[in-house]
Amino acid sequence: MTKPPTAYVPILALPYWDTIGPFVDAVVADCLPHTQRRDRDLYAAAVPMVLWCWRARGTPLERARIFRTTMIDQFIHLGMPGAARGSQATLRATLWRIAEILNPDQADAPHRPIARSAPTRPYSATEIADLVSWASTQATPGRRRDARTMLALGLGAGLAARELLDVQTTDVVIDTTGDVPTARIVVWQNRTRVIPVTPDWVAPLRQTLLEVSAGSWLFRPGRQTATPGQITDFLTRSRSPLDVRPVRMRATWLIQHLAEGTPAEEVLRISGLKNFAALDRFAPMIPKRDP
């Protein structure tokens, strides 16, 4: 069994490489001079496509039969249904380019749109209570503080995962001049804005500020950088059966604001979302109010 002449190793296709390999190699070799994409990217798109067409559909290894927009759309929708929309779109764009090069008549062919992903389901009141309990029962004081901070930044300010990691103590403003303390968080990266923290999460946030050093990260202080894996690592170590995800916290925060009547323009501003269509997706989840 021979491997393809590139750094890309198609693990799932290796048992069939003697059959489909020469076909894929020739496709990649003929496309490379006509695209800015790397050979690895072409292999990453062409291999699963060819394997699916040949094994699942019984399509002959012919360029005119495989690299057509109709076949590409079928592969994206039927051959990789569990993939994220972004991954589907990236793969499909590369396959379209291959089809345009190998079959020029496909350049203007219509494309079936990728279905919009369903909006993330928010947490219910019971689930939020479970999350609070989860945070309070972590094994060490540091982990209890970090779990509480994650909930305050996610459920109280609707921060996306990367934004949550970037918050430092200097980005949090506590105002105690009124009868009830309030808090605001300044987000600097990408979608710069000031976010008012929902009242229920002001006290947990103040507690975190008392426990961490000034100028440090708010979540998991002591780290040197902010990388997405730091949230995953923290949650993995908790070994909890709960579905603890910043994306669901953000969805819960968005729906809470919409349900409480916060003007849509204000929700867009404090969330960093760019258009009303992003909010429309959550409309079916807004709880119905009594007359």
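The values are calculated or read from the model by the stated rules, or taken from the named source; none is laboratory data. The shown structure was predicted, so the numbers you read here are calculated from the model rather than taken from an experiment. Neighbour counts are summed over all protein chains in view; Cβ atoms, including those assigned to glycine, are modelled from backbone coordinates with ideal geometry. Calculation scope for accessible area: heavy atoms of the full protein, side chains included, ligands and nucleic acids excluded. Shrake-Rupley method; radii C 1.70, N 1.55, O 1.52, S 1.80 Å.
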Inset, instruction - Tell me what the chain gives for mean residue ellipticity at 222 nm when only DSSP H runs of n ≥ 4 count, each as -39,500 (n - 2.57), the sum divided by the residue total, rounded to 500 deg cm²/dmol. - result: -14500 deg cm²/dmol
Inset, instruction - Calculate, for the range 135-247, the solvent-accessible area per residue in square angstrom, rolling a 1.4 angstrom probe over the heavy atoms of the protein chains. - result: 51
Inset, instruction - Could you look at the chain and say what percent of its accessible area is carbon and sulfur, using a 1.4 Å probe and all protein chains? - result: 55
Legend entry - About the Cα centre, charge dipole magnitude for the range 149-291 (Lys/Arg +1, Asp/Glu -1 at Cβ), debye: 500
Legend entry - Cα gyration tensor shape of the range 227-279, rounded if a/c is under 1.5, else prolate or oblate by comparing a/b with b/c: prolate
Inset, instruction - Towards the positive end of the charge dipole of the chain, with charges on Cβ (+1 Lys, Arg; -1 Asp, Glu), say which of Ile185, Leu242, Ala203 has the farthest Cα. - result: Leu242
Inset, instruction - Considering only protein heavy atoms, with the full assembly of protein chains and a 1.4 angstrom probe, order Thr252, Thr140, Thr120 by accessible area, largest first. - result: Thr140, Thr120, Thr252
Legend entry - Among [x] 59, 45, 34; [y] 74, 46, 33; [z] 52, 45, 32, the entry that matches Cα extents along the principal axes in Å as calculated here: [y]
